[in-house]
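Heads up: the structure comes next, in structure tokens.
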Amino acid sequence: MKKFIIIAVLLIVTFSAYTAKAQVASYWDITGGVSIPTGQFANSNYGELYHENNKAGFAKTGYVIGLDGAWYLHKSHWAIAATISYQDQGQLNANDAHALAAGYQDAFDVDEGAATSHGRYQSLNALVGPQYSFLLNRLTIDLRANAGFVKSFSTPEIDIVVTDAGIPHPFAQLSSTATGFAYGGSADLRYRLTKKLGIILKENYVDSPGIDITNTSRVNNAGRLDTKQPISIFQTSLGLNFGF
């Protein structure tokens, strides 16, 4: 994120002199594309005994659809921009469940461990922030920093059963509908086809310290215990741009 900010500042300083006289128009757009989890959100490693990875999200590459817009200050290349996006980051697969089952079996030192999962990562991002634009004839380059929130509609529920001496002990990591702080930045290319219509290619990064996760029926804190799931994603989208 720091590198993104530094690059954005350098680009603004370098090119603003060349585009100072060009006029930009407020716009909105609708986009769709691919959403790629990164960092701990994409991690699918259970971790080692007594050093379990409590932040691994097991998230998968999915899709994103978004609605976006920017409103320029009077005779300025600075704008207030906002975006709302919905993304799906998939669900745990059979290999994930197997890794979790083996990890809990070792952590609890029991005869058997089993894990099943259902549900998906589905969420909404709502972000707002400043944007600066460079106008190069029909092509416009936008750089933006923003902050807001991520609203989870669901996360994968994980049901675990550890069995010792023939006695099962079930517990679960529940699906979360929590809301968390989020921030990020984006860069996009807009190409004007007509005075009011164009196409847009957007690269977006969103990071959140995490959403709260509830666990039930835990008799102790042995093994992996996720109570706050961090979220970080890169998104590449293509769409239609409408000026007004």
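Structure data summary
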quantity: Cβ charges +1 (Lys, Arg) and -1 (Asp, Glu), total dipole of region 23-131, debye; calculated: 760
quantity: Global form of region 78-117, assessed from the alpha-carbon gyration tensor, a/c cut-off 1.5; calculated: prolate
quantity: Net lengthening on full extension, TYR50/THR116 (0.36 nm per residue, minus Cα-Cα); calculated: 21.5 nm
quantity: Over the chain: helical MRE at 222 nm, DSSP H runs n ≥ 4 each giving -39500 (n - 2.57), nearest 500; calculated: -4500 deg cm²/dmol
quantity: Degrees, to the nearest 10: 2-19 long Cα axis against longest axis of the chain; calculated: 10
quantity: D_trans [Stokes-Einstein, Kirkwood Rh over alpha-carbon pairs] for the chain, 4 °C, 1.567 mPa s, µm² s⁻¹; calculated: 66
quantity: Gain on full stretching of the segment that runs from ILE80 to ILE167 - 0.36 nm per residue minus C-alpha separation; calculated: 25.4 nm
quantity: Fewest-first ranking of ASP111, ASP96, using other Cβ atoms within 10 Å as the exposure measure; calculated: ASP111, ASP96
quantity: Of the trypsin sites (Lys or Arg not before Pro) in region 73-139, those whose Cβ has at most 13 other Cβ within 10 Å and which sit in DSSP loop; calculated: LYS75, ARG138
quantity: Residue-span extension gain [LEU139 to ILE199] - 0.36 nm each, minus C-alpha spacing; calculated: 20.6 nm
quantity: Loop-located trypsin sites (Lys or Arg not before Pro) in region 201-244 whose Cβ has at most 16 other Cβ within 10 Å (DSSP); calculated: ARG218
quantity: Degrees between helix 94-108 axis and first principal axis of the chain (Cα, 0 to 90, nearest 10); calculated: 50
quantity: Nonlocal amide H pairs with GLU112, under 5 Å, H built at 1.01 Å; calculated: THR163
quantity: Under the Debye formula (equal points on every Cα, no solvent term), log10 I(q)/I(0) of region 79-191 at q = 0.17, 0.19, 0.20, 0.23 Å⁻¹; calculated: -0.85, -0.95, -0.99, -1.13
quantity: Cβ charges +1 (Lys, Arg) and -1 (Asp, Glu), total dipole of region 94-244, debye; calculated: 1480
quantity: Rounded FRET efficiency, nearest 0.05, which uses the C-beta distance separating THR236 from THR216 and R0 of 22 Å; calculated: 0.05
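Quick note: the coordinates plus some simple rules give every number you see, no bench work behind them. What you see is a predicted model; the values in this text were computed from it and never measured. Here the Cβ is made from the backbone with ideal geometry for all residues, glycine too, and neighbour counts use every protein chain on show.
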